[in-house]
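What follows is one structure encoded as structure tokens, with my remarks underneath.
The values are calculated or read from the model by the stated rules, or taken from the named source; none is laboratory data. Just so it is clear, the model here is predicted, and its values are computed rather than measured. For neighbour counting, all protein chains shown are included, and Cβ atoms are generated from backbone atoms with ideal geometry for every residue, glycine included.
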Amino acid sequence: MKSAFVLPAFAALALATAPALANDSEAEIGIGGITLKPSDAIVMESEDLFVSEQIVRVKYRFSNPTSRTIETTVAFPMPPQPRAFVDRWYDMESKQDWSEFGFNTKVDGQPVRLKMIERAMVDGRDVTERIAQLGWPLYWVDEDETSDLFEDMDEASRARFVEEGLAKEDEMFGGRTVPAWDSVTFFVREQSFPAGSTVVVEHEYAPMNGGSVGGTLHKSVRGTDPDIMRDYKQRYCTDEHFLAGFDRRLEQMDQPGIFAIYTETWLSYVLSSGANWKGPIGDFRLVVDKGSTEYLVSFCMDGVRKIAPTQFEVRKTNFEPNRDLDILIVKFHEMEE
């Protein structure tokens with residue numbers, strides 16, 4: 001069963017919605033809106049990322065090898081709504097309010113303030129002004145967790161908006177014609193990169209994790225919905241070795257008078273925007289902490305090395321991320337029958 005409610009980050013409970021937080025990326029803000037764009041000058045020398053259920057810490061080292069000081073806008077995009085949450089939670093009628101999502105940012109050890117901007121985005125294209133011109137809402141999900149914005153529209157008008165890229169038939173919403181845009185919140189700051197210098201940026205925050213209670217991974221259920229298992233394999237790399245370990249753990253807990261259950265915790269982090277800087281990430285380090293030796297963890301990365309009883313490390317040089325990071329943590333619980 002998926003969680004159907006949202007909790008603030010400080011609530012310290014696992015079964016909340018699962019935003020995929022993001023790498024810093026250079027942004028361009030103009031009359032047409034906000035656009036994440038590749039940097040033609042700034043190099044990300046290193047990224048040191050720590051992810052756990054309780055906290056996320058990331059430290060970047062940027063360098064400006066040019067002979068001029070570069071002033072730019074740096075954006076930290078939050079997950080697009082509603083599409084980022086379609087298969088993560090049930091109640092999408094209410095938009096996630098990121099204004100109370102607190103995280104600390106430091107530049108060269110000094111705290112900095114971030115500005116929050118909300119935009120309507122279609123595949124990286126900012127359509128906020130057009131949406132406002134038409135009088136349409138930024139966040140369009142109704143009480144039925146879809147939208148009837150185009151339902152009563154004549155076919156010619158609907159086709160015109162499909163051609164404009166503002167509407168589309170979306171399988172996520174049962175093949176209905178729904179708005180093509182998502183509401184995206186950007187935390188932005190103005191950043192100066194002095195000529196020939198290095199700038200260190202640090203973020204720290206308590207993540208809001210997604211999760212479910214039992215079902216999908218259980219041996220008796222796995223064969224009934226192959227689509228879900230394919231999604232797990234693609235998203236979390238849950239291979240046969242992981243599933244065998246999962247089965248063993250449940251079998252070990254199978255005792256008279258004991259009912260064994262498990263819960264899933266989902267963590268996500270957007271790595272792909274880190275490829276927007278000039279060249280690859282010179283030195284990349286990831287540490288995933290599963291929280292307890294009794295838990296199982298799975299995520300898609302090669303070269304994973306266990307460095308502590310609950311911690312797993314990945315190191316890469318000249319890293320060009322081509323996918324985002326999704327982490328599955330499985331916890332086991334005993335209940336008396």
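Observations on the structure shown:
- Which listed residue is exposed (fewer than 13 other Cβ atoms within 10 Å of the Cβ) and either touching a His at 6+ places or on another chain (Cβ under 8 Å) or without any contact (Cβ under 8 Å) to a residue 60 or more places away in the chain (or both), from Gly196, Gly135, Gly124: Gly135
- Selection of strands (runs of 3 or more DSSP E) fully inside the stretch 233-337 by the criterion of at least 3 residues being surrounded by 17 or more Cβ atoms within 10 Å (Cβ to Cβ) and at pLDDT 90 or above returns 258-270, 281-289, 296-299, 311-319, 325-336.
- Lys219 vs. criteria surrounded by fewer than 13 Cβ atoms within 10 Å (Cβ to Cβ) and in contact with a helix residue (DSSP H, G or I) (Cβ under 7 Å, 6 or more places away or on another chain): yes
- Hits in the stretch 108-151 - residues which are touching a Gly at 6+ places or on another chain (Cβ under 8 Å), at pLDDT 90 or above and not in a strand (DSSP E or B): Val127, Thr128, Glu129
- The number of residues in the stretch 152-174 being more than 16 Å from Pro82 (Cβ to Cβ), part of a loop (DSSP other than H, G, I, E, B) and either in contact with a strand residue (DSSP E or B) (Cβ under 6 Å, 6 or more places away or on another chain) or at pLDDT 90 or above (or both) comes to 3.
- Arg57 being under 21 Å from the mean Cα position of the chain (by Cα), at pLDDT 90 or above, of a type in the set (D, E, K, R) and not in a loop (DSSP other than H, G, I, E, B): yes
- Unmet requirement for Pro321, which otherwise passes all of (1) in contact with a helix residue (DSSP H, G or I) (Cβ under 7 Å, 6 or more places away or on another chain); (2) over 29 Å from Ser39 (Cα atoms); (3) not aromatic (Phe, Trp, Tyr): (2)
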